[in-house]
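The values are calculated or read from the model by the stated rules, or taken from the named source; none is laboratory data. Owing to the predicted nature of the structure, the values given are computational and were not obtained by experimental measurement. Neighbour counts run over all protein chains shown; Cβ positions are idealised from the backbone, glycine included. With ligands, DNA and RNA removed, areas are computed over all heavy atoms of the protein, side chains included. Shrake-Rupley method; radii C 1.70, N 1.55, O 1.52, S 1.80 Å.
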Amino acid sequence: QQPVQSPQAVILREGEDAVINCSSSKALYSVHWYRQKHGEAPVFLMILLKGGEQKGHDKISASFNEKKQQSSLYLTASQLSYSGTYFCGTASGTYKYIFGTGTRLKVLA
Amino acid sequence: NAGVTQTPKFRILKIGQSMTLQCTQDMNHNYMYWYRQDPGMGLKLIYYSVGAGITDKGEVPNGYNVSRSTTEDFPLRLELAAPSQTSVYFCASSYSGVEGYTFGSGTRLTVV
């Protein structure tokens, strides 16, 4: 079952913050986050492992709640370059790696 | 270091034709994946491989076939193309899965 992301879309002004959630109906052992710009391939942002700490990447960070089977991506003081579609990725089964439904983020000047 | 290379970048097929989408990586990655992305939608897993000689079905394998004879190459075969296979196809690879996946630039396929 595909992980569900929320919200589906969000529009921000530069400098505003956003949170993107990823929920799975199956147990999660790790969660990856990717950003895809229009017409391009997804780019890996970070991975969170079961039992691991919250990760950070510039002003983008993420958390992983194993008990709730969900992860959240935090974008702080958003920049125009943050615009794109964000996907979480998880392993359904040991190697079967699938992506969430996606969240479209647009940052306005 | 080329990373993950996909060819061709664009292709138009007629209904019923067949073709092979090529994917090559030069990073000695064990895990390789094929995804399709329909316009405005997410990524759906077609097939994956955890090493040479080992392949398995993903979420949407019907109408496709794969093989993995070497670590570097993971071609995707479309038999009897249908309009529903119009999509962008991405190949991705990872050494162990823990460090994240590297994607190719994609193949945009249109079936008319």
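Is it true that some residue in segment A:22-30 is aromatic (F, W, Y), out of contact with any helix residue (DSSP H, G or I) (no Cβ under 9 Å at 6 or more places or on another chain) and open to solvent by 70 Å² or more (accessible area, probe 1.4 Å)? Before you say what the answer is, go through the steps one by one.
Restricting attention to segment A:22-30, the residues satisfying the condition of being aromatic (F, W, Y) are A:29.
Now drop any that are not out of contact with any helix residue (DSSP H, G or I) (no Cβ under 9 Å at 6 or more places or on another chain), which leaves A:29.
Narrowing further to those that are open to solvent by 70 Å² or more (accessible area, probe 1.4 Å): A:29.
Scanning segment A:22-30 turns up at least one residue that is aromatic (F, W, Y), out of contact with any helix residue (DSSP H, G or I) (no Cβ under 9 Å at 6 or more places or on another chain) and open to solvent by 70 Å² or more (accessible area, probe 1.4 Å).
Quick one: how many residues across segment A:71-109 are outside any loop (DSSP other than H, G, I, E, B), open to solvent by 20 Å² or more (accessible area, probe 1.4 Å) and among the aromatic types (F, W, Y)?
Looking only at segment A:71-109, we keep the residues that are outside any loop (DSSP other than H, G, I, E, B), and these are A:71-75, A:80-82, A:84-91, A:97-99, A:103-108.
Checking which are open to solvent by 20 Å² or more (accessible area, probe 1.4 Å) leaves us with A:74, A:80-81, A:85, A:91, A:104, A:106, A:108.
Adding the requirement that they be among the aromatic types (F, W, Y) leaves A:74.
Residues in segment A:71-109 being outside any loop (DSSP other than H, G, I, E, B), open to solvent by 20 Å² or more (accessible area, probe 1.4 Å) and among the aromatic types (F, W, Y): 1 in total.
Please go through segment B:101-110 and pick out each residue that is buried (at least 20 other Cβ atoms within 10 Å of the Cβ) and either modelled with pLDDT under 95 or part of a strand (DSSP E or B) (or both).
In the first step, residues of segment B:101-110 are kept if they are buried (at least 20 other Cβ atoms within 10 Å of the Cβ); the result is B:101, B:103-104, B:106-107, B:109.
Passing the criteria: B:Y101, B:F103, B:T107, B:L109.
So, in segment B:71-84, how many residues would count as being buried (at least 16 other Cβ atoms within 10 Å of the Cβ), out of contact with any Leu (no Cβ under 6 Å at 6 or more places or on another chain) and not acidic (D, E)?
Number satisfying all stated conditions: 4.
Would you confirm whether or not segment B:11-31 contains a residue that is within 13 Å of another protein chain (Cβ to nearest Cβ), acidic (D, E) and surrounded by fewer than 14 Cβ atoms within 10 Å (Cβ to Cβ)?
The answer is no; no qualifying residue exists.
Which residue is least open to solvent (accessible area, probe 1.4 Å), if the candidates are limited to segment B:35-70 and must be within 11 Å of chain A (Cβ to nearest Cβ) and of a type in the set (F, W, Y)?
B:Y35
Can you run down the residue pairs with Cβ atoms below 9 Å, 6 or more apart or on separate chains, where the first is in segment B:60-75 and closer than 15 Å to B:Q22 by Cβ and the partner is of a type in the set (D, E) and in a loop (DSSP other than H, G, I, E, B)?
Between residues of segment B:60-75 that are closer than 15 Å to B:Q22 by Cβ and residues that are of a type in the set (D, E) and in a loop (DSSP other than H, G, I, E, B), the close pairs are B:Y64/B:E79; B:N65/B:E79; B:E72/B:D26.
State whether one or more residues within segment A:52-70 are in a strand (DSSP E or B), of a type in the set (A, V, I, L, M, F, W, C) and at pLDDT 95 or above.
Residues of segment A:52-70 that are in a strand (DSSP E or B), as a first pass: A:55-57, A:60-65, A:70.
Subsequent filtering for residues that are of a type in the set (A, V, I, L, M, F, W, C) retains A:60, A:62, A:64.
In the following step, the residues that additionally are at pLDDT 95 or above were identified as none.
No, segment A:52-70 has no match at all.
For segment B:76-100, which residues satisfy the criterion of being free of Cβ contacts under 8 Å to residues at least 60 places away in the same chain and part of a strand (DSSP E or B)?
Scanning segment B:76-100 gives B:L76, B:R77, B:S87, B:V88.
In segment A:80-100, how many residues are at pLDDT 90 or above, facing another protein chain (nearest Cβ under 7 Å) and closer than 18 Å to B:M32 by Cβ?
2
Which residues, taken from segment B:82-109, are more than 14 Å from chain A (Cβ to nearest Cβ) and over 15 Å from the mean Cα position of the chain (by Cα)?
Scanning segment B:82-109 gives B:A82, B:P83, B:S84.
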